[in-house]
Structures are given as structure tokens and as C-alpha cells.
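Colleague: Would you mind keeping the following structure in view while I ask a few things?
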Amino acid sequence: MKITNIKVIVTCPDRNFVTVKIETDAGIYGIGDATLNGRELSVASYLKDHVAPCLIGKEAGRIEDIWQYLYRGCYWRRGAVTMTAIAAIDTALWDIKAKAANMPLYELLGGKSRDGVMVYGHANGRDISETTDEVAKYLDLGYKAIRAQTGIPGLSSTYGVSKDKMYYEPADGDLPTENIWSTSKYINHIPKLFDHLRDKFGFDIHLLHDAHHRLTPQEAAKVGKSLEPYNLFWLEDTVPAENQEAFRMIRQHTTTPLAVGEVFNSIWDCKKLIEEGLIDYIRSTVVHAGGISHLKKIFEFASLHHVRSGSHGATDLSPVCMGAALHLDTAIYNFGVQEYMRHTEKTDAVFPHAYTFKDGYLYPGDTPGHGVDIDEKLAAKYPYERAYLPVNRLEDGSMFNW
Ligand code: CS2
Ligand code: MG
């Protein structure tokens, strides 16, 4: 089965998505997500201009070989753009292989290790009482795990807090908007949120929180300690993780479980974190970490070190990524939780999918392949619209991490 054509489809059904469609001479096609929030067209060009010409005529079944060809063969290894492009090709090839075998993808990945994939949703509000109302809404929908974020008194904007709630969209301007941040205000306020939530909802639900790379190791240790009484499922992205050693200090000072990895693009970004047991959950996902082939390696490596998966699943990862991730989540042994930020109706219509939500769990479905398709005619109705994530400054005007 030879690759005959590769399409790169850019569409904006409420937000931008890049999708690769690989066609074969057997009439079977596969699709993969190639969306890199705020840098979508760079990946589209990488695929159209540099990857597609090399793959026409190649054997579609040689997934590992094609992965290595794109990784080693470009000479310039890794990086978000390269690894997102490789991920899209890899996902589409796994989709083709599973369709050709007439099996849902999880069967090719080792079969089911679990019946359903526990997901967490985002409860965010401008203050503690609004966040509490949002948590209650997710509980009504059956969620077992909920991430809680709240506005910080004295700050006009805070990451994770938006107007559109269920369909949270952080890329909010055709040029980057500017947020203001104060770590000291955050550190004083955040335990109050979880104190209130535990008081109101008890300890039977899983609560998560994302610090979005805004702390130093010392501050992270302090936040982790202050949240210990509230028994969080995890505390996410405390410090930027370019410096993996930084997690040693956090680890020594708190038993709050630590999660990191949504911006990682290869096993080399988390090797030390995993092998030294510095984290509890690795959050890399299919679209940004080299596809099914590479993410499976990361998760298997993590399983040797008591680290579980917790894949990124924000709105900017398309339903194609979600579908593929659910098959991997279903098959691996050391699954932890899957993030699930819902897509809008318009997005869901462009990407018809087999996965379904019930009572806090997602199910990948039994359609051959990863179970997600693209309606190209509908996709063509929504041309690309430039959109950026915000940037972030401290109160004195200096640049900070968003
Ligand atoms: C967030 C994301 O889902 C998360 O945990 O950190 O909203 C992230 O900021 C976006 O996906 C960035 O594209
Ligand atoms: Mg995050």
C-alpha cells in the first residue's frame, strides 16, 4: 500500500486546526492532527513544502521507518514545529494501518487495558464562588476529576479564567493580548480556593490545578506544601521545565503529586524527570510529542518509574488528536487521566468522531482506525484566522511566562 497523496488542510471552525490527510493506492486514507497553537501555518508549510514531497510513493505500512526518516533524516532534530509535523504523519499512518486491519487502533497498540478513559474538565471563574459554581456544573455532568482555576484579587486577568467557560479558548487576539501577573498575590490566594472546594464538595472528587509555569522551585515547593491538606490529584506546570533539575527541590519539599509536559516534544525533554522519579504524571500528547509511535515510547519508559500518563487535551488539540490519544490511553498500562476541554459544535461538525463521553469517562469507539474523520467541504468554509495566545508581564512591566 503506497502513499499517493498528502493533503494539508487548514480550517478555522471557531479556532484554527491543521490536519494532514494521507491517501494511498488502496483507497484507504488516514488523518493526523498538526495543530500548533499560534504557529499553525509554520507546521502547514513544513508539511507541504518539506515532508509531503519525500513521502509520495513510500510504503504506508512502514510507520517506524518513516518516523525515523523524518526525525533523523531532517538533520535538525526535535523542536515543536518538526515534532508536530512528524506527529501528524505518524497518526495518519497508524489510522491507515488500523483501517487496513479493520480494527480500532487500540487493538494494534496491545488491546484494551481499561474500559473507559477518565477525563478532567476545566472549572474556571473570576472568583472562588464562580469557580465553585463551575465545579458543580462538571459534577452534574458526571465528571470524576475537575481542574479548578480562579481569578486572583488585585489582578485584572488570570490564566485559565475566561468568559466562554465550557469552550475555553486562550488564543484570544489577532495579535497577542497582554496579561499581568503577581506570584505573591497568587500564592496567598490559591489555598483558599481548594479549602472552599473541599469544604463544599468533600474529598471524593479528584481536584487538579495548573500553575502554568509561573513559579520558581522554591515557590513551587511552598504552593505544593500549602495544598497538601486538600489532597490534589496533581499540581501542573509549576516551573518551566527546560531545567529538569529544578524539580528535585520541589520534590523534596512536597508530597503533592506533580504533573508536567504539555509543551514537551520528545522523550529527551522528560528523561531526567522520569528516571529520577521527579514527577508523577507526564502530560505530553500525540500531536506535540511525535505521534502515537513516540508518545507510546515515552509512556512505556514512564511506566518503569511509577510515572503515569495525563495527556494534554485542550481545545487547541483537534478532535483528531483526542481520538488518537484515547486509543493510546485505552491500551497503555500506566494511564493516569486525560484532559478533555470540549470542542464547539462547529468544530465537532468538521471532525465527525466515534468517541463518546459518559459519566466522567471518554470511550474511543470501535470504528476501524482512530475513529475521527474530517469533512473537507465543511472545513473549506472556515478559512484560517490569525490568532495568538496572550503574553504575560509582571506588575513592573517585565516579560514573564504566560
Ligand atoms: C493549558 C492549555 O490545558 C492546559 O493545561 O495549559 O490551555 C494551554 O495553555 C494551551 O493548550 C496552549 O495552547
Ligand atoms: Mg496546562
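The values are calculated or read from the model by the stated rules, or taken from the named source; none is laboratory data. Not measured: the values here are computed from a predicted model. Every residue, glycine as well, gets a Cβ built from its backbone with ideal geometry; the counts of neighbours run over all protein chains shown. Keep in mind that these areas ignore ligands, DNA and RNA; they rest on the heavy atoms of the full protein, side chains included. Shrake-Rupley method; radii C 1.70, N 1.55, O 1.52, S 1.80 Å.
Colleague: Computed FRET efficiency, Cβ-Cβ of Gln68 and Lys271, R0 22 Å: what is it to the nearest 0.05?
Modeller: Efficiency computed from Cβ-Cβ geometry: 0.75.
Colleague: Let me ask something else about it. Each residue of region 239-247 in turn: what ³J(HN,Hα) in whole Hz from Karplus with 6.51, -1.76, 1.60 and θ = phi - 60°, glycine and Pro shown as x?
Modeller: Computed from phi, the couplings for region 239-247 are 10, x, 9, 4, 9, 5, 4, 4, 6 Hz.
Colleague: Quick one: length gained pulling Leu378 to Thr4 fully straight, 0.36 nm per residue minus the C-alpha distance?
Modeller: The Leu378-Thr4 span can extend by a further 132.3 nm.
Colleague: If the cut-off is 19 Å between C-alpha atoms, which aspartates and glutamates fall inside it for Lys192, apart from same-chain ones fewer than 8 positions away?
Modeller: Qualifying aspartates and glutamates at Cα under 19 Å: Asp127, Glu130, Asp133, Glu134, Asp204, Asp210, Glu219, Glu228, Glu236.
Colleague: While we're on this one: What percent does the relative contact order of the chain come to when contacts are Cα pairs within less than 8 Å and at least six residues apart? Mind showing how you got there, number by number?
Modeller: Working: 909 pairs, mean separation 92.3, N = 402.
Worked out over the chain, it gives 23 percent.
Colleague: With the convex hull built on the Cα atoms of region 168-250, state its orientation-averaged projected area in nm².
Modeller: 6.8
Colleague: Let me ask you something else. Among Thr256, Thr330, Thr183, which one shows the biggest mean-square fluctuation in a GNM of the chain, springs joining Cα atoms closer than 10 Å?
Modeller: Fluctuation is largest for Thr183.
Colleague: In whole percent, and with a 1.4 Å probe on the protein chains, what portion of the accessible area of the chain is carbon and sulfur?
Modeller: Here carbon and sulfur together make up 51 percent of the probe-accessible area.
Colleague: In what sequence, largest accessible area first, do Phe203, Phe17, Phe301 appear using a 1.4 Å probe?
Modeller: On the way: Phe203 110, Phe17 0, Phe301 45 Å².
Descending accessible area places them as Phe203, Phe301, Phe17.
Colleague: Between Asp127 and Met249, what is the label-point separation in nm under the 7 Å Cα-to-beta-carbon projection?
Modeller: Placing both labels 7 Å beyond Cα along the Cβ direction yields 3.5 nm.
Colleague: Oh, and also: Provide, in order from the shortest bin, the percent of all Cα-Cα pairs of region 3-104 in each 5 Å bin, continuing until the bin that contains the maximum pair distance.
Modeller: Reading the bins upward from 0: 3, 14, 26, 25, 18, 10, 4, 0.
Colleague: Here's something else I'd like to know. So which residue, out of Asp172, Asp95, Asp329, gets the largest mean-square fluctuation from a GNM of the chain using Cα contacts under 10 Å as springs?
Modeller: Answer for the Gaussian network model of the chain: Asp172.
Colleague: OK, next. Got a sec to turn the phi values of region 373-380 into Karplus ³J(HN,Hα) couplings, 6.51 cos²θ - 1.76 cosθ + 1.60 with θ = phi - 60°, whole Hz, x for Gly and Pro?
Modeller: Coupling constants for region 373-380: 10, 10, 8, 5, 5, 5, 4, 5 Hz.
Colleague: Still on this model: Computed on alpha carbon atoms, what radius of gyration and Dmax characterise region 283-367, expressed in Å?
Modeller: Considering region 283-367 through its Cα atoms, Rg and Dmax are 12.7, 41 Å.
Colleague: Kindly list the residues of region 1-44 that lie in the label zone of His50, defined by a backbone N under 11 Å from the point 7 Å along the Cα-to-C-beta vector.
Modeller: 42-44
Colleague: Here is a further query. Past 31 Å, Cα to Cα: identify those pairs from Lys48/Lys99; Lys97/Lys272; Lys21/Lys297; Lys21/Lys358, in the order given.
Modeller: As for pairs spanning more than 31 Å Cα to Cα, those are Lys97/Lys272.
Colleague: Something else: With the crude spin-label approximation of a point 7 Å out along Cα→Cβ, what separation in nm comes out for Lys346 versus Lys225?
Modeller: 4.8
Colleague: At a Cα cut-off below 16 Å, give the lysines reachable from Lys165, other chains included and same-chain residues fewer than 8 away excluded.
Modeller: Once the sequence-local lysines are set aside, what remains near Lys165 is Lys137.
Colleague: Send over a whole-number figure in Å² for the accessible area per residue of the chain, probe 1.4 Å.
Modeller: Working: 15880 Å² over 402 residues.
With the other protein chains kept in place, the chain gives 40 Å² per residue.
Colleague: When the chain is modelled as a GNM with alpha-carbon springs shorter than 10 Å, which of Ile282, Ile274, Ile180 fluctuates the most?
Modeller: Of the options given, Ile180 has the highest mean-square fluctuation.
Colleague: Residue-wise, which Karplus ³J(HN,Hα) couplings in Hz belong to region 69-75, taking 6.51 cos²θ - 1.76 cosθ + 1.60, θ = phi - 60°, and x for glycine or proline?
Modeller: Karplus values, whole Hz, x for Gly and Pro: 4, 6, 7, 6, x, 8, 6.
Colleague: Taking the Kirkwood radius as the inverse of the mean 1/r across Cα pairs, report the Rg/Rh of region 95-204.
Modeller: Radius of gyration over Kirkwood radius for region 95-204 works out to 1.14.
Colleague: Here's another thing I want to ask about it. Bins of 20 Å, beginning at zero and ending with the bin holding the largest distance: percent of Cα pairs per bin for the chain, please.
Modeller: 28, 60, 12, 0
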